[in-house]
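Data block below; observations after.
The values are calculated or read from the model by the stated rules, or taken from the named source; none is laboratory data. None of the values given here were measured: they were computed from a predicted structure. Reconstructed Cβ throughout: ideal geometry from the backbone, glycine too, with neighbour counts over all protein chains shown. To get the accessible areas, we keep the full protein, side chains included, count just its heavy atoms, and leave off ligands, DNA and RNA. Shrake-Rupley method; radii C 1.70, N 1.55, O 1.52, S 1.80 Å.
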Amino acid sequence: MRVDEFRTGLRAWLDEHDLRPVHDGGLDGELAQLSRVRRALFEAGWMRRGWPEHAGGLGGPVILRAVLGEEVMARNLADPGLYTLIEVLAPTLIRYGSPDAVAFVPTLLAGEETWCQGFSEPGAGSDLAALSTRAVRDGDAWVIEGQKVWTSLAQFAERCVLLARTGGPGHRGISAFLMDMDSPGITVRPIKTMHGRDEFAEVFLDGVRVPAARMLGAEGQGWEIAMSILPDERSSCFWQRITYLYTRLDRLLAEAPAASERQIGEAYLDLHAVRSRSRLTQHRRDRGETLGAETSIDKVLLATAEQCLYDTAREALPGVVEYGSSSWQEEYLYSRAATIYGGTAEIQRNIIAKRLLSLGDE
Ligand SMILES: Cc1cc2nc3c(=O)[nH]c(=O)nc-3n(C[C@H](O)[C@H](O)[C@H](O)COP(=O)(O)OP(=O)(O)OC[C@H]3O[C@@H](n4cnc5c(N)ncnc54)[C@H](O)[C@@H]3O)c2cc1C
C-alpha cells in the first residue's frame, strides 16, 4: 500500500470512528485510552501495516507506522510517550526474539499488553555496561537476581525486555530476556516523577525464573540487542512526538496571540529542524538501513526543541507553569526529562564527538 493511499484511507476511517479520549486524565486513563485506540486500529488493520506478517502484521513499508503515529497525534488520540513505546521495543524483539517471544508482539499491536524496558540500575545508567543484575542458568530456565530503576510503566506492564549479566564484566557478559512481569520474585515499587505521576518504578528481582526460550538472541548478545533498541529510542520513535509538539505550538499561538515573533520563531525553527532530521531517519529506516550512533543527533535535536517549546510557553504565558492548573505545567516539567531518558544530553554529545566527529575521548 502506498503512503498517500494509506493516509487518505486512514483519515477517512478516523473521521468515521470517533476515538477521541473519554477518560478524565491520569496514567490509568491514558493507558486505557491507548488500548482502546490500538485495539480499534488493529481490528481495522491500520495498526498492522508496516509490521511483518510473522509478528501479527500485514507487511508493507515500515514508514506506514510513522504515518499512523502522525495521524493519531495530530488528533490528540493518545499520549505520545505511551504510544511510542512499541516502536522502541518491538522492532528489536522481532529481530532477535525466538518464535516464543515474537508471538507476544500482536498483543502489543492490539493494545492488549504494556511492556517495559529493564535496562537502568542504581549503579548503571549512562554506564549501562556496568549493570550488575545477574542471570544464572538452572535447567531450562535462567534465575535472575538484582534491581532495576526508572523502569517506565513497570507497574502496568505484562512483560519486560530485561538486560542481565550472564558472564564476566563489561558489555560482553550481558544477555537480554523477555521476562513476564507476573513471575514470582518480582516486586515493583512505583516512583513519582516531578510532574506528579507514578510513571516509572524500582523493580526488585529475587530469584525470578525466566524460561531459556525467552532469552533474546544468544547468550552474551545482550549488548548488541541494547544497541539495536537505543537507536529506535533515540530517533525513529520521535516522528509522532514531533507531530504532538506541533499541536502544542498551535495551542500556544492560540493562547498567547501577543507572543513575540522571536519567541515563536525560535520554537518553530527548533521543531522544524528536528522534523527535517527525523524525516530523513524515517526514510532511512524504511529503506532497511541500520540505525546507529548518528541517532544521537535526532535525540539532541528533539530534546532541544521540546525544551525550547515549553520554555517559550513559560515566557509567553506568565505564571502558567508556576501557578497554573492547566496541562502546561505538567508538560513543562516533563519536558525536562527529555535531556535524560534514552541517554542524557551529555552522553549524546559525547557519542557525536567521539563516534561521528572522531574528536577523541571526552
Ligand atoms: C522519564 C524517564 C523515563 C525513563 N525510563 C526508563 C526505562 O523505562 N528503562 C530504563 O532502563 N531506564 C529508564 N530511564 C533511565 C535513563 O535511561 C537514565 O536516567 C539515564 O540513562 C541516565 O542514567 P542515570 O540516571 O543513572 O544518570 P547518571 O548516569 O548517573 O548521570 C548523572 C549525570 O552525569 C552525567 N554523566 C554521566 N556520565 C558522563 C560522561 N561520561 N560524560 C559526561 N557526563 C556524564 C550525565 O549526563 C548526568 O547529567 C528513564 C529516565 C527518565 C528520566
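Please identify the pairs in which a residue from region 115-129 that is farther than 19 Å from PRO190 by Cα has its Cβ atom under 8 Å from the Cβ atom of a residue that is open to solvent by less than 40 Å² (accessible area, probe 1.4 Å) and within 6 Å of the ligand (Cβ to nearest atom), counting only partners at least 6 apart or on another chain.
SER126/GLY343; SER126/THR344; LEU128/PHE119; LEU128/SER120
How do the strands (runs of 3 or more DSSP E) wholly within region 166-217 filter down when requiring 1 or more residues that are among the basic types (Lys, Arg): which remain?
Numbers: elements: 174-180, 186-191, 200-211.
Here the list reads 186-191, 200-211.
When you scan region 57-70, do you find a residue that is of a type in the set (Asp, Glu), in contact (Cβ under 8 Å) with a residue 40 or more places away in the chain and in contact with an Asp or Glu (Cβ under 9 Å, 6 or more places away or on another chain), even just one?
No, that holds for no residue.
Return the total of residues in region 122-154 being within 16 Å of the ligand (Cβ to nearest atom) and part of a loop (DSSP other than H, G, I, E, B).
9
Among the residues of region 254-278, what is the count of those that are surrounded by 14 or more Cβ atoms within 10 Å (Cβ to Cβ) and part of a helix (DSSP H, G or I)?
Going residue by residue through region 254-278, those that are surrounded by 14 or more Cβ atoms within 10 Å (Cβ to Cβ) are 255-256, 259, 263-264, 266-268, 270-271, 273-275, 277-278.
Filter again for part of a helix (DSSP H, G or I), leaving 255, 263-264, 266-268, 270-271, 273-275, 277-278.
Summing the residues that are surrounded by 14 or more Cβ atoms within 10 Å (Cβ to Cβ) and part of a helix (DSSP H, G or I) in region 254-278 gives 13.
When the residues of region 321-338 are narrowed to those that are open to solvent by less than 40 Å² (accessible area, probe 1.4 Å) and within 9 Å of the ligand (Cβ to nearest atom), which ends up nearest to LEU309 (Cα to Cα)?
Looking at residues that are open to solvent by less than 40 Å² (accessible area, probe 1.4 Å) and within 9 Å of the ligand (Cβ to nearest atom), I get ALA338.
Of all residues in region 341-356, which are over 19 Å from the mean Cα position of the chain (by Cα), buried (at least 17 other Cβ atoms within 10 Å of the Cβ) and near the ligand (Cβ under 8 Å from one of its atoms)?
ASN350
So which residues in region 298-317 are more than 16 Å from the ligand (Cβ to nearest atom) and either of a type in the set (A, V, I, L, M) or closer than 20 Å to LYS192 by Cα (or both), if there are any at all?
Correct list: LEU301, ALA305, LEU309, ALA313, ALA316, LEU317.
On the given criteria, is ASP18 more than 22 Å from MET1 (Cα to Cα), open to solvent by 20 Å² or more (accessible area, probe 1.4 Å), of a type in the set (D, E, K, R) and modelled with pLDDT under 95?
So ASP18 does not fit the description; no.
How many residues does region 310-337 contain that are more than 17 Å from GLU266 (Cβ to Cβ), acidic (Asp, Glu) and in contact with a helix residue (DSSP H, G or I) (Cβ under 7 Å, 6 or more places away or on another chain)?
Looking only at that region, the number is 1.
In the list THR151, THR187, which residue meets the criterion of being open to solvent by 20 Å² or more (accessible area, probe 1.4 Å) and of a type in the set (S, T, N, Q)?
THR187
Which one of the conditions (1) among the aliphatic types (A, V, I, L, M); (2) part of a loop (DSSP other than H, G, I, E, B); (3) over 28 Å from ASP198 (Cα atoms) does VAL320 fail to meet, given that it meets all the rest?
(3)
Residue by residue through region 87-121, note down the ones that are part of a helix (DSSP H, G or I), surrounded by fewer than 22 Cβ atoms within 10 Å (Cβ to Cβ) and of a type in the set (S, T, N, Q).
Passing the criteria: only THR107.
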